[in-house]
Every structure is written in C-alpha cells, then in structure tokens.
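Reviewing the structure listed below.
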Amino acid sequence: MHSKNKYLGGLLLATSLAWPAVGSCAGAVNTSITSEAIYSSQNAFLPGQEGLKLKQGLNLLEFERAEVAVSSRTAAYLELKQTLADKLARAEIFKFYFSARFAGLSVLAGKDSYNIGPAENGLLLSRNAAPFPMLRITNETPLKLLGDWHFLVLNGWLYDSNSSAKSPELLAVRAEYSPWTPLNLGLTRTSYYSGPGRPTYKLWEYPKLLIGANENIPGNRYDTDGYLGYDITLDLPEKLLPNNVKKAGLYYEDAGTDINAFWQNTHKREKYSFPFGIKLQLNSYTGGLSVETDSDKFRLEFQMVNDLFYTHHWYPAENYQGLSFGSPYGRNLKQFLFSQVRKTGAKSGFKYELGYVKQPAFAIHEAAQPTSQRYYASLALFRGWGSTSISPFARLDITKNRNPDIATVPVGQFNILKGNRAAVILGLSAAFGF
C-alpha cells in the first residue's frame, strides 16, 4: 500500500537507520538502541507516537530493535521497550512481526501500528495508540485496470493488557484507485466488533458484517460499530508551482460513523442516495495542504471529529490501552496544525509544529460542559553521525480550561476543568545503530 504520509512524523526524532526491507539478502541483520529521557510537567501523552503516555516528572525509555532478512522475500522484526516513570518500571515486547512477499502480495503478521489515509493521523486508524496484534495484507504491485489499484485488508486484536476481559477486534478494508498519477482516491470500511458479550464470526460471515445491513439493530449479531470513509489526494500540476517547489498537493477525508444505504434494514424505506445509494451520516472531516521543496516539507491540516465518533451502544468508549486509535484527542473536536520539517544536512535538521485544539467543539451532547482550548508549539532538532543520532525536543501547551482525559470518553462524560494552565515537555533522544 503506497502512502502519501511520509513526513518525519515523530515529535521525538532520531535519524533514520537503514533497516533491511523484504528483498534484502538472506541473513542481513540490523540492530539499534534508542534511549529517551523526557520530562513532563503533568501527566500527558504525545499525539501520534504509538501510545507514548508520560507521567509527571522524569520518564526514561529504552528501545532495542532488530530486523532479520530471513530470505529474499521474508523478514522478522523485534522491538523491545523498557519504561521507568514515577518509580514504576515496565518491560514489554513493543513490536514483533513477520513480513513476506508472494504472488504479488505483502503479508504482515504480528504486533505493529498503521495509519490509514493521507492525514497526519487518520480518522479511522492511526499510529496514535500503541501497536497491537494484527494481520495485514496488501498488494505490493498495483492492479492495472483503467489505472492503478491498491488494496488493504487488516484485522487487529485490540488486546488491552490492563484488562482481563475479552477485547474487541478492528477490521479494516481499503481500496485506493489512481486513474492518473496526480490523483488518488481512497475508500475505507472499518468495523469495531466482537469483544465482551458480543459474538465472534466465521470467515464467510465477514462480508455480511462489512456491508452493515443490520447495524444499529440492538441485539442483532451483526450490530457492530461500522465506519465508512473516502479520501481524495490531488498533486498540483508542476507548471502551477514556483520553481523551488518540487511537489504540492491537497487532500481531503470524509468519514461517517453511520451510513444510510438502501440495503440496510433500518433504511429501506428512505430515499435512494445518489449516485451509489450510500449517504454518510455523523460525519468527521480532515483536509490539508502539503508542500515539498529540496530541503523543506510543510503541512497545513484541519480536522473536525463528530461528537459521536469512537463511541457506540456496545462500545461506549473506543480506545486502545488508554488512547484513541484514530484522531489523537478523541471525539467532539476541531483542530488545526501547521508543521515544517527542514533538512539542513545529510543527517541533520529540525521540525516544528504549531497547533490548536477545541474540545468539546459541539454542544449537542455536552451542552453543560465548558469548552477547552489548547494552543501548542513543539520543536525537535536531529543530528546524525554515521549510525548514531541525537534529538532534543521541547513542547509547550497552553490551555484555557483543560480536558484531563487522554482517551475517548463516553457521551456526556467530559470532565473539563476550568482555569488556564501551561504545561511543558522536554526530551532528549539518542539512537545507536550497530
């Protein structure tokens, strides 16, 4: 699956090390160690950082990574993580997966994270939450049919180590179509299903689950929390760009946590929705502009998340290990961000980001709550020498009223604390490859 989201996404940045991709010589091994020290003035998290939650005070993290090219078409990856914060130590297998290529397909099985869509953090699935067990299948070579087609099938098991209950699963099916190189059209269907008190499904039952004919019929075995979204990415013509701009593009994503379709048992008597018989409901939106020069990458993005996203009558608060698996701050919000990544040398540069988050942004179900407004600025420097790199980092958040919940909360359960507050996060990351 090709991606339009290849910006330096980390707020704690380390110079990229050369990992052997599938197709490397058999037996090739690459390893690295990353050490991070982060001070936070309050309990917090860093958006889009694969579940990075911070305790007030000093947080020490250590990552050990190794990837082995088992053959020219298969590879194995292992990433261990140790955390010391608030006098509590924790060790875990952070990521572990096998990947393989065959018959034009790329298959990954194991514990990993994934972002769907062109946005910094996808509405339906992002790298905000921690990696989780998954099976992911994509076509490595595009299918040629009046353009290029790419497909994705992903099933994730959202096992929460803090709970002994059986956990829900997340199913995602995506198609991308590019009729010509500058234009990419994506369609994504996800379903949050199974879990405590809910049924499991046979392989042949998944198509019925995906079409959502019986969604929102309480008690029905196919009543899951289904989402449907589409996205459009358009690269602007080179002749319209300034001479120093290599690439510029617009992107837009629209997703609904409910649909009105003629085949649904709950909507059969409603008017047909032109042109495909589907109307998205309870919509959320993302849109943005990306610009790339020889040394810079810019991104301007907005996101609006509906007040009923990531919640359902079977699943009141959908998150994984305490963080949203889609938009980082959960539901009922508006946010804007601007970022620049500057490359100052072969292995050096910086990234800064400015952002604004309003939550709750809509008073439909949270009318009694005051509004929290968050203004933030972050700066990360990175410098590498050979296989070694360091990256200092700083972030400042200023909030007018504060939302202390870092995970999605059920409808009507926001707990906004009145008053103005400033929070500071300082970090230093060092990576060593060998």
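FYI, it's all coordinate maths here, none of it is from the lab. Just so it is clear, the structure is predicted and the values come from calculations on it, not from any experiment. Here Cβ is always computed from backbone atoms with ideal geometry, including for glycine, and neighbour counts include all displayed protein chains.
Within the listed set 311, 344, 233, the residue fluctuating most in the Gaussian network model of the chain (springs between alpha-carbon atoms under 10 angstrom) is 344. For the stretch 29-433, the relative contact order comes to 12 percent (Cα pairs under 8 Å, sequence separation of at least 6). Each of residue 28 and residue 91 was given a label point 7 Å from its Cα along the Cα-to-Cβ line. The distance between the two points is 3.1 nm.
Take the chain and mark each of the trypsin sites (Lys or Arg not before Pro) that is in a DSSP loop with at most 16 other Cβ atoms within 10 Å; the longest unmarked stretch, sites excluded, is 348-434.
Take the Cα of residue 413, step 7 Å toward its Cβ, do the same at residue 221, and the gap between the two points is 2.9 nm. The dipole here belongs to the stretch 29-433: it is taken about the Cα centre, uses +1 on the Cβ of Lys and Arg and -1 on the Cβ of Asp and Glu, and is about 300 debye. Legend: calculated FRET efficiency, residue 243 to residue 139, from the Cβ-Cβ distance at R0 = 45 Å, rounded to 0.05, equals 0.75.
Only lysine pairs 8 or more places apart, or on different chains, with alpha-carbon atoms under 26 angstrom apart are counted in the stretch 242-392, and they number 19.
Build a GNM of the chain with springs between Cα atoms under 10 Å apart, and of 289, 381, 84 the one that fluctuates most is 84. Taking the chain as a Gaussian network of alpha-carbon nodes connected by springs under 10 Å, the highest mean-square fluctuation of the residues 57, 186, 419 belongs to 419.
Positive contributions from Lys and Arg (+1) and negative ones from Asp and Glu (-1), summed over other residues with Cβ under 14 Å from the Cβ of residue 392, come out at +2. A helix-only calculation puts the chain at -500 deg cm²/dmol for mean residue ellipticity at 222 nm, using -39500 (n - 2.57) for each DSSP H run of at least four residues, averaged over all residues. With a cut-off of 11 Å between beta carbons, the residues surrounding residue 287 carry a summed charge of -4, where Lys and Arg count +1 and Asp and Glu -1.
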